[in-house]
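Since the structure comes first, as C-alpha cells, the remarks are kept for the end.
The values are calculated or read from the model by the stated rules, or taken from the named source; none is laboratory data. Just so you know, these numbers come straight off a predicted model, no measurement behind them. Because the Cβ atoms are built from the backbone with ideal geometry, glycine has one as well, and the counts that use them run over all protein chains shown. Note: accessible area is taken over every heavy atom of the protein model, side chains too, but ligands, DNA and RNA are not part of it. Shrake-Rupley method; radii C 1.70, N 1.55, O 1.52, S 1.80 Å.
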Amino acid sequence: MSSPSMFSNNSVSIPVSDDDEDELSRKRVRVRRKRKKPLSHRVKHDLGKRLVRFLVRYWALLIFLPAAVLLCYEATKIGKEPAVDEDDLDRFVAEGTEVDPDLDPIFKPPPKVSHPNLNRMDPVTRMIDGVREPCLKLRPPDELELLDIPNGGGIESPVKSVKYLTERDLPEQNGTHRSKRIKFNSFSGYPSLEDRDGSFVVNQTPAVHCGFFSESGGFNISDADKSYMDSCQVVVSTCAFGGGDDLYQPIGMSNASLLKVCYVAFWDDITLAAQENAGHTIGDDKFIGNWRIVLVDDLPFVDQRLNGKIPKMLGHRLFPNAKYSIWVDSKSQFRRDPLGVLEALLWRTNSVLAISEHGARSSVYDEAKAVVKKNKARPEEVDVQITQYKKDGMPEDKRLNGKKALNEASIIVREHTPVVNLFMCIWFNEAVRFTSRDQLSFPYVLWRLKVLKDINMFPVCIRKDLVNSIGHLRKAKPSVKRTMPSTADDEA
C-alpha cells in the first residue's frame, strides 16, 4: 500500500511572514502616490502660484503707476478750460436763458454762465510736413502795430462801378408786383427772372437790385449812427436780431486796430430788451465795450435770418466809405487782430475776398440734402432752388476753379471793390428769392459770375482760429413790425 502524498489536495501552500505583508502594502501606497494629475489642473496651479508671486513682488509698482498717470492727466487740465466740440456748439444752451412767455417780448435775465470757449486765445495748429504749425500766421505783435490801411485798387477788374437800383429807377416795380413763392418786398425790390439773368452779364457799370430799394422799405438807422458808419474805413461787424444771441467782446486786437477799426453790432428792439434784462446796457456814447451798438428800426422781413443777411452781405451799402470789412456771425467771438487778418488773408495773398471752405461737404447738391435732413429749410423751398440751379446748368462737381465748391460763411473777409460789391448784391438777391441758407447760393453765384477770381478759400482750421465758437443760445423771435406781402403772380 502506497503512502499518502503531501500534495494529494493539488494545492500549494507558501508561507508568508507578517513583515512581507507590510512591505507589499507600502509598495502599493507608493504606486498610488506617483499617479500623475491632469494637465489642466497643473497649469491652473502653476498660474496661480506665479500670479501670487508677481503680486507679492510688484504690488507697490501696480499701485504707483495708475496714480502717476492720473496725476499727469489732471496736471494738463490745470489753468486750461476744456474746449467744446464744434459739432455740439449749437446744442449748447445756457441754463435759464429760455424765453419767458409771460413776459413776451421781454426775456428773463439769464444767470452768469461762462461758455468754456469764451476768451480763449490759444492758437489752432496743424501738421505740415511732420511739423506742427499755427493755421493762421499773423505778423509779430510789433509789426501789427505798424500796419496801415492800403489804398486798394491794385487788382484789375472789368467792373468799375455798380449802380444800385431804386424805385426811382423802376417806378413800375410797385407793391403790386409780387410773387407768392418769394419774399421780395419794398426793401429788396422785385427783380424778375430776366433781371436775375441780366445781373450776371458783366460790364463796366452794371445796374442791379441791392436792397434799400424804397425809402419806405425799412431797416431804418438814426442819423447819428449813419454819421458814425460813414466815418469807418475798416469795419468788423455782426448782428443779433430777435434776441437769439449775446454780444461777445472782441479780443486779441492791437492798439493800431483799436484806433483804425470800427466794431459795429446791429440790434433790433427785441435784442435790446433781452440784453438790458441780462444787465448789458448801452452807454451814453452808444458803446458796450468795443462794440458800437446800432439800433435798427422796422426790419424788412419776418424771417430774422433774412434780416441778418442785410448787414452780412450788404456791408458796402451800410458803410459807403469803408475799404475793408470783416463779418462775424453773432454765435462767435472774434479773437484776432483785424488789420493782421486783412494782411494775412487778403493783402498777402492778393485776394479781394476770403471765406472758409466747408468742413463736411463739397457739393451744393449734397448740402441741399443735408439742409432738408436737418430741417433747416422747407423741402419745397430747397427743391425750387436746386431745380433752378440744375436748369441753369450748374455742375455737381466738388471742385470749382480748382478749389472746394462749398463754403462756410460765418466769417467773410473782403475788400469793398466794385466786383465784390456786385457779387454780394447778387448773393443777397438769391437768398431772398430762394432760401436764406446762403451756403447753397454762394457757390452758384461764384460759378455764374465768372469775373470774381481773386478769392482766398482758406481751410477750416483758419476759421476756427479766427473765432471762439459759442453757438446760438436761443431761438430768435420773428420780427413783428412787418407782415409778409400779399401775393399776386406765380413767378419763381
*Given 0.36 nm per residue, what is the gain on full extension from residue 201 to residue 55 after removing their alpha carbon distance, in nm?*
44.3 nm
_Skipping prolines and chain starts, which residues have an amide H placed within reach, meaning under 5 Å, of the one on residue 336, given they are 5 or more residues away or on another chain?_
251
*Members of 312/404; 323/464; 160/374; 260/374 lying beyond 32 Å, as alpha-carbon distances in this model show*: 160/374; 260/374
*Between the alpha-carbon centers of the stretch 393-439 and the stretch 193-235, tell me the distance in whole angstrom.*
17 Å
_Protection proxy ranking, peptides 369-379, 438-448, average beta carbon neighbours within 10 Å, highest first_ = 438-448, 369-379
*Could you rank 327, 347 by how accessible they are, 1.4 Å probe, largest area first?*
347, 327
*Put 364, 302 in order of accessible area, largest first, 1.4 Å probe: what do you get?*
302, 364
*asked:* Can you give the local net charge around residue 210? Use residues other than it whose beta-carbon is closer than 11 angstrom to its beta-carbon, Lys and Arg +1, Asp and Glu -1.
replied: +2
